[in-house]
Amino acid sequence: MIYYLYDGTFEGLLTAIYEAYYRREKPAFIMRAEEYEANLFSRPVIIITDSEKSDKVYRSIEDKISRQALRHVYYAYLSDIKGVATLIYRYLQLGWQVGAELDSQLFREPVREMLAIYQRVSKERHRMLGLLRFCKLTGEIYFATCEPDHNIVGLVAPHFARRLADQNWVIYDQKRGLAAVYNQREWFITNLNLSGQLLYEENEKIYQQLWKQYFAGTAIQDRLNPKLQRQFMPVRYWQHLDEKN
């Protein structure tokens with residue numbers, strides 16, 4: 001069985017799909033190189049990322065299938081779900097056969113799986129927009145920490161670039177060591193591993209306490225519904241919410 005191993009980037013994944021097509025090979029699996037475990041029945045093929053090749057695949061998805069299919073592929077890539085690269089490959093193989101009708105073919109397993117993953121990532125992105133809490137650090141920087149299931153920092157950044165356009169801010173994915181950084185002009189994604197203690201403005205500590213008091217004061221005891229609250233604000237996110245600490 002052929003295993004295509006790529007560098008983990010979106011461009012690397014699209015390059016792998018390009019190579020599969022033009023080499024006329026049908027890899028059984030496409031995966032990040034660090035995920036590969038050698039076995040007697042596998043033949044690993046190292047894929048070298050090529051921006052020209054990845055761009056061709058990118059445009060081909062948009063032109064020959066649909067822009068929505070491209071969105072589904074990108075969200076699936078960001079899901080970090082094991083085996084998702086192979087699913088993307090199968091989804092696109094089918095897409096280049098049926099064109100714009102791809103996502104209507106729910107009787108096809110790759111389509112069903114892809115749409116399910118897209119919904120999961122999209123739902124978490126939407127939820128995170130309301131869950132992120134920014135704290136003011138020394139240096140007039142607003143800082144928010146999260147640990148999402150999926151790699152969605154880059155998906156929420158455009159929203160806050162519009163909402164907090166006149167502030168410097170950082171959204172830190174503690175789970176992945178990634179951060180979206182905004183400087184009042186543009187945002188970018190970078191690696192970030194924090195080992196030191198963040199320096200909060202003194203008035204930010206008061207602000208955090210006000211959030212807690214607000215939450216306690218507005219939570220009418222007779223109307224509390226813990227089950228519903230957990231549905232819309234899963235427990236795994238609570239550690240990063242001021243009103244829950």
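Give the Kirkwood hydrodynamic radius (Å, one decimal) of segment 43-183, defined as one over the mean of 1/r across all pairs of different Cα atoms.
It works out to 16.9 Å.
How fast does segment 2-123 diffuse by Stokes-Einstein, in µm²/s, taking the Kirkwood radius from C-alpha pairs at 25 °C and 0.890 mPa s?
Reported coefficient: 170 µm²/s.
What distance in nm lies between label points placed 7 Å from Cα along the C-beta direction at VAL98 and GLU34?
3.5
Based on Cα coordinates alone, diagonalise the gyration tensor for segment 126-165, multiply each eigenvalue by 5, take square roots, and list the semi-axes in whole Å, largest first.
18, 12, 9
Taken together, the values in this text are just the output of simple stated rules run on the coordinates, not laboratory data. Quick caveat, the model's predicted, so the values are computed rather than measured. Note: ideal-geometry Cβ built from the backbone for every residue, glycine included; neighbour counts use all protein chains shown.
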